[in-house]
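A single structure is presented below for examination.
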Amino acid sequence: MIDVSWGEQVVFYILAPIAVIGALGMVMARNAVHSALWLVLTMLSLGVFYIVQAGPFIGMVQIIVYTGAIMMLFLFVLMLVGRDASDSVIETLRGQKVAAIALGVGLGVLLGTGLYRGTVDLTPVGLAEANKNGNVQGLASLIFTKYVWAFEVTSALLISAAVGAMILAHVERRKDERIGQAAMMKERFLPGNYPGPKPGPGVYATSNSVATPAKLPDGNPAQRSISPILPLRELEPAEKADKHTLTGGHQS
Amino acid sequence: MDKLKLPDMDYVALLPMLALFVAACLGVIIEALVPRRFRNIIQLVLSIVALAVAMFFVVKQSGEVVASKALTAGGAIMIDHAALFLQGALIVLGFVALLLFGERSLEFGGPFVAQAAVTVGSERDREQTGRELGSTETFPLALFSLSGMLLFVSANDLLTMFVALEVFSLPLYLLCALARRKRLLSQESALKYFLLGAYASAFFLFGVAMVYGFAKAVDFKAIHAEALLGEGNSLLLIIGLALLAIGLLFKVAAAPFHVWTPDVYQGAPTPVTAFMASCTKVAAFGGLLRVLYVGFDGLGWQFTPVLGAIAALTVLVGSILAVTQTDLKRLLAYSSVANAGYILIGVIAGQQLGLTSVLFYLVAYGFTVIAAFALISLVRDADGEATHLSRWAGLGARSPLYAGIFTFILLAFAGIPLTSGFIAKLSVFGAAIDGGQTWLVIIGVITSIILAFPYLRVVVMMWLSEPGESTPSVSIPGGLTSTALGIGTLATLVFGVVPGPLLDLAEKASSFVR
């Protein structure tokens, strides 16, 4: 039986459920931002596990690089792209969810029992030897001797990733698309174009939503006051009804 | 603490990889500095020069393999006969596929989209489809992928193998998304391939961890020694091997890990499909061979039945589903799944004979499949390639030469004598009977007959139907596609008529150094 110290057990039994909850929450959360935050929870717990298991370097990398840098970058991207909770929950393949859950749990049970039976009478060896010169030094000597080629080759991976990101995300502007200041001004004052700034959306006693158009002097909604990508807000009858604000509440 | 010392590097042995890697980096710089209209030709020439240099050093070394010196780069890379054969095959097949990448005469701007970031279907997208030159980042990406493949077939430990797997997969995911026409399909295929590929890589990595838990090392020699010793709980080793196998079988597209194949083959730009169908198959089977023959040799009796079942399932799924396809690229995708099954039969056969047959099959199939996709890229209408089966009706009357070549290629896929497909299937089945896997040979022969049906249906359609109004014309290929098509067809014929030299070469190469 593996001898695990008391403190390690306490840490494990506190953090392991948290890690599992984080993983489940990441899969189940509807909102992409919540998903990412759940994942952060799992990653932090794993980072602590690594440190407890005498791998301080990998633990710190897990926390600083994965959780701190990559996940936060991921969150930034989510916020910039705009979070959208309206993911379709309709199954395109019937019964897919049930089958996927059943198979996933099956695989988990299979691997779990296999791992349990494979490790139950295992005696861990080699930790003291691996960490003889210190954990970081031990890792460094492996990276720069035995696995130096693999380490160098990862640079190919990084270059491909950078090139790929440029290809998939960057649009080159053509020469004829670049408009100078003079041309832009000319276009602005062309007949048919209104050169002034657009009016803001309507602010009323009943609504100050950005989707509510301002009113023109004749009472019609000003289409220029709302963003074209916003759906026009349908007013409910109660909101539409005359509130008699002009007559001080007296019905004439 | 001792001073760290860089391990001995046999730079000549690493030169094939280094050449491709350096050329890919130069290619990225060229993208930044050279005007768009010169890029294609410069990238093409650079790639071909790099491949020629790499091939030169592979050939140079093949005469000087010594078992004691084969291990280099701190024990991470094993340059033995099998590795050199696979590397050579990858370079030659990569060269033929890259010719298709550079083709610009079939369509203005080549087969790749100019700006992959432009929204599909927008005004700008419609403009760029017909008017803008295609992106040429595809060349460095393909070279990165190839250098990863060269490393994959020569890696001597599982960690290096994993890094190589990622290096050759990532550029492929990107390349899939760059089709000029039918871009939504192309992007869908890239996303599917990426997600499933990442999943498969995770399985592979999990397997590496399990194997490390058992053997306390990740290099094949130590794994083999530890497995032979048989001490400790071998459950970890078996779980590890199973997970490793999932990762590798995904890449070779064996059932039930084949589901990505039809979608990706259909959606990816045709040159990329040709590249994947030939080179990825060689690399993935090279890796699988090394894992099974070098690392897990002692476990043969345990994995053979499982792999046998997978091989049987793969040939059945590939051949039966190929019958129902109506799109030529999908048809060839299922045919490639079935072919992966036949190669797996050779892998299971074991011994030197099995290894020889697998190496021969990989090269023969690679050339044929490149020729097939080169021809598909020729048959087009105003909307690009016309891949629907019904559109090929009556092509024989329109253009007898190309219909004839395609017929020949399909007959090679079906395994008719005087083609390389026949010799390849014969040697694989012969090795399997020799290795006591007769049941697989029976299934293999039956599925070959089933598989002949979709091929012959295409042949009958091309020759016996009247050309209709919707029959597309066959474009006159430019020099590059003609060369690729010529090389592929000629290789199919030559390896079918005089297979001796290649078989000898494969036999000489069929030995791993542990």
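Based on alpha-carbon centroids, what's the gap between the stretch B:141-184 and the stretch B:219-263 in Å, whole number please?
About 20 Å separates the Cα centre of the stretch B:141-184 from the one of the stretch B:219-263.
Quickly estimate the mean residue ellipticity at 222 nm for chain A, helices only: each DSSP H run with n ≥ 4 gives -39500 (n - 2.57), and the total goes over all residues, rounded to 500.
Theoretical 222 nm ellipticity from helices: -16500 deg cm²/dmol.
Based on the Cβ-Cβ distance of A:ILE14 and B:LYS5, what FRET efficiency does E = 1/(1 + (r/R0)^6) give at R0 = 45 Å, to the nearest 0.05?
0.55
Listing A:THR154, B:THR136, B:THR324 from the residue with the fewest other Cβ atoms within 10 Å to the one with the most, what is the order?
So the ranking, lowest neighbour count to highest, is B:THR324, A:THR154, B:THR136.
Take every Cα pair under 8 Å in chain B that's 6+ residues apart, average their separations, divide by the length, and report that relative contact order as a whole percent.
16 percent.
For chain A, what's the relative contact order in percent, using C-alpha pairs closer than 8 Å and at least 6 residues apart?
11 percent
Sticking with this structure for a sec: Taking the number of other C-beta atoms within 10 Å as the exposure measure, put B:THR129, A:THR206 in order starting with the fewest.
Taking fewest neighbouring Cβ atoms as first place, the list is A:THR206, B:THR129.
Once you list every other residue whose beta carbon is under 14 Å from the beta carbon of B:LEU389, what net charge do they have if Lys and Arg are +1 and Asp and Glu are -1?
+2
Pull out a ≥ b ≥ c, the square roots of the eigenvalues of the alpha-carbon gyration tensor of the protein assembly as shown, then state rounded if a/c is under 1.5, prolate if not and a/b is larger than b/c, and oblate in the remaining case.
oblate
Something else: Order these by the 10 Å Cβ neighbour count, fewest first: B:ILE446, B:ILE376.
Arranged by neighbour count, lowest to highest, B:ILE446, B:ILE376 become B:ILE446, B:ILE376.
Can you tell me the orientation of helix B:328-349 relative to chain B, as the angle in degrees between its alpha-carbon axis and the longest Cα principal axis, to the nearest 10?
Approximately 20 degrees, to the nearest 10.
Then there's this: Can you tell me the orientation of helix A:96-119 relative to chain A, as the angle in degrees between its alpha-carbon axis and the longest Cα principal axis, to the nearest 10?
20 degrees
Using Cα pairs closer than 8 Å and at least 6 residues apart in sequence, work out the relative contact order for the stretch B:400-510, in percent.
Computed over the stretch B:400-510, the figure is 42 percent.
Return the aspartates and glutamates within reach of B:LYS251: Cα separation strictly under 13 angstrom, same-chain partners fewer than 8 residues apart disregarded; answer none if there are no such residues.
By straight Cα distance, B:LYS251 reaches B:GLU166.
Any chance you could give the angle, 0 to 90 degrees and rounded to 10, that helix A:6-28 forms with the longest Cα principal axis of chain A?
Roughly 40 degrees between the two axes.
Still on this structure, I have one more. Can you list the residues, at least 5 places off or on another chain, whose amide H is less than 5 Å from the amide H of A:ALA222, using H built in the peptide plane?
Under 5 Å from the amide H of A:ALA222: A:ALA214, A:LYS215, A:LEU216.
Another one. Considering amide H positions built from the backbone, and no H for Pro or chain starts, which residues 5 or more places from B:ARG380, or on another chain, come under 5 Å of its amide H?
Residues meeting the criterion, in which the H sits 1.01 Å from N, are B:ALA386, B:SER473, B:SER475.
Considering only the other residues whose Cβ falls under 11 Å of the Cβ of B:GLN61, what net charge follows from Lys and Arg at +1 and Asp and Glu at -1?
Charge balance near B:GLN61 sits at -1.
How many angstrom lie between the C-alpha centres of the stretch B:489-510 and the stretch B:346-422?
17 Å
Ok, one more. So what is the 222 nm mean residue ellipticity for chain B from helices alone, if each DSSP H run of at least 4 adds -39500 (n - 2.57) and you divide by all residues, rounding to the nearest 500 deg cm²/dmol?
-23500 deg cm²/dmol
Still on this structure, I have one more. Among all the lysines, which ones have a C-alpha under 30 Å from B:LYS5's C-alpha, if same-chain residues fewer than 8 places away are not counted?
Cα-Cα hits under 30 Å: A:LYS132, A:LYS146, B:LYS60, B:LYS69, B:LYS216, B:LYS221.
If you don't mind, another one. Taking square-rooted eigenvalues a ≥ b ≥ c of the alpha carbon gyration tensor, is the stretch A:1-81 rounded, prolate or oblate, where a/c under 1.5 means rounded and, failing that, a/b exceeding b/c means prolate?
Oblate is the answer for the stretch A:1-81, as a/c is 1.5 or above yet b/c matches or exceeds a/b.
Read the figures in this text as sums done on the coordinates, not as results from a lab. Since the model is a prediction, treat every value here as computed from it, not as a measurement. Cβ: placed from backbone, ideal geometry, glycine included. Neighbour counts: every protein chain shown.
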